[in-house]
1. For segment 46-53, state whether one or more residues are surrounded by fewer than 14 Cβ atoms within 10 Å (Cβ to Cβ) and either in a loop (DSSP other than H, G, I, E, B) or touching a helix residue (DSSP H, G or I) at 6+ places or on another chain (Cβ under 8 Å) (or both).
2. Within segment 72-91, can one find any residue that is crowded, with 21+ Cβ neighbours inside 10 Å, outside any helix (DSSP H, G or I) and among the hydroxyl-bearing types (Ser, Thr, Tyr)?
3. Return yes when residue 178 is surrounded by 15 or more Cβ atoms within 10 Å (Cβ to Cβ) and touching a residue at least 40 places away in the same chain (Cβ under 8 Å) and no when it is not.
4. Residue 230: of a type outside the set (Gly, Ala, Ser), part of a loop (DSSP other than H, G, I, E, B) and either at pLDDT 95 or above or in contact with a helix residue (DSSP H, G or I) (Cβ under 9 Å, 6 or more places away or on another chain) (or both), yes or no?
5. Is it true that residue 130 is β-branched (Val, Ile, Thr) and surrounded by fewer than 19 Cβ atoms within 10 Å (Cβ to Cβ)?
6. Scan segment 114-133 for residues that are without any contact (Cβ under 8 Å) to a residue 60 or more places away in the chain, closer than 19 Å to residue 83 by Cβ and either out of contact with any Leu (no Cβ under 8 Å at 6 or more places or on another chain) or of a type outside the set (A, V, I, L, M, F, W, C) (or both) and jot them down.
7. Given (1) surrounded by fewer than 17 Cβ atoms within 10 Å (Cβ to Cβ); (2) in contact (Cβ under 8 Å) with a residue 12 or more places away in the chain; (3) outside any strand (DSSP E or B); (4) over 16 Å from the mean Cα position of the chain (by Cα), identify the lone condition not met by residue 200.
8. In this structure, is residue 161 in contact with a Lys or Arg (Cβ under 8 Å, 6 or more places away or on another chain), part of a strand (DSSP E or B) and closer than 22 Å to residue 139 by Cα?
Amino acid sequence: MIFRFLGTADSAGIPSHNCRCQVCENYRKQNKINLATTAYIECKNSEIILLDAGIENIATIFDGQTVKAIFLTHFHADHALGLLRLRYSSESIRCFHPKDSIGFADLYKYPKSLKFVENRPFEAIEINDIKFFPIPLKHSKNTTGYLIQSDTKTIAYLTDCAGINQESMDFLLSFKIDECYIDACFAPNFTNGNHLNYEEATVILDKLRAKKSYLMHASHFTLNYIIQNNVSLKYKYKE
């Protein structure tokens, strides 16, 4: 199982449009782009499993490859935008998602090749010998992270997240996690109740005690704050 990210930023991306902060300017100088948090798994048979689909051209990125399934954390645009084009695939694709009566845009009304399947918290979904356990997270829209278990590795993918309730924490703690990636969008000086800041995320990572732990879903404001204030982080941001 090969696990990779297409993007690890918040919805603004980096660089953010016309922003002149040090982080955005450095990205421009290096010709780098970090888009909305989206990951994928390349299976042993070369099929692709998506974790979110917030990048608009995701259908082009994986053109010529079979997208076996999509595990959506929630229906905010920066996690679902790519589905608007991916639904025109000539192949049927199952999209597992948390309970949501509205969805995103007109996807429910015109799903085309997408087959929407509502997940159930903590109940395993097995695709290509990989198990996906939906983990309820606190966010402004009904959201599930995923615990991903193969025969070689266990990964926790926890975005978007303003907190984790005790039931979800207990479930996560029942596993030995090899890699954990958690939302840490904000710096401690700013919060809107929808995302963790990096101090809050660090407390959770300390409890989960994964072999490797990473912060993600960073705002360019947060990364700039870290540079400007010479902040030393216990866990690195995943780029």
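The values are calculated or read from the model by the stated rules, or taken from the named source; none is laboratory data. All values derive from a computational prediction rather than experimental measurement. Cβ sites come from the backbone with ideal geometry, for glycine too, and all protein chains shown count toward neighbours.
1. Yes - at least one qualifying residue is present in segment 46-53.
2. For segment 72-91, residues crowded, with 21+ Cβ neighbours inside 10 Å, outside any helix (DSSP H, G or I) and among the hydroxyl-bearing types (Ser, Thr, Tyr): present.
3. Answer is no for this residue.
4. Yes; evaluated as a whole, the condition is true for this residue.
5. No.
6. Within segment 114-133, 115, 117, 118, 119, 125 meet the criteria.
7. Going through the list (1) surrounded by fewer than 17 Cβ atoms within 10 Å (Cβ to Cβ); (2) in contact (Cβ under 8 Å) with a residue 12 or more places away in the chain; (3) outside any strand (DSSP E or B); (4) over 16 Å from the mean Cα position of the chain (by Cα), residue 200 breaks only (1).
8. no
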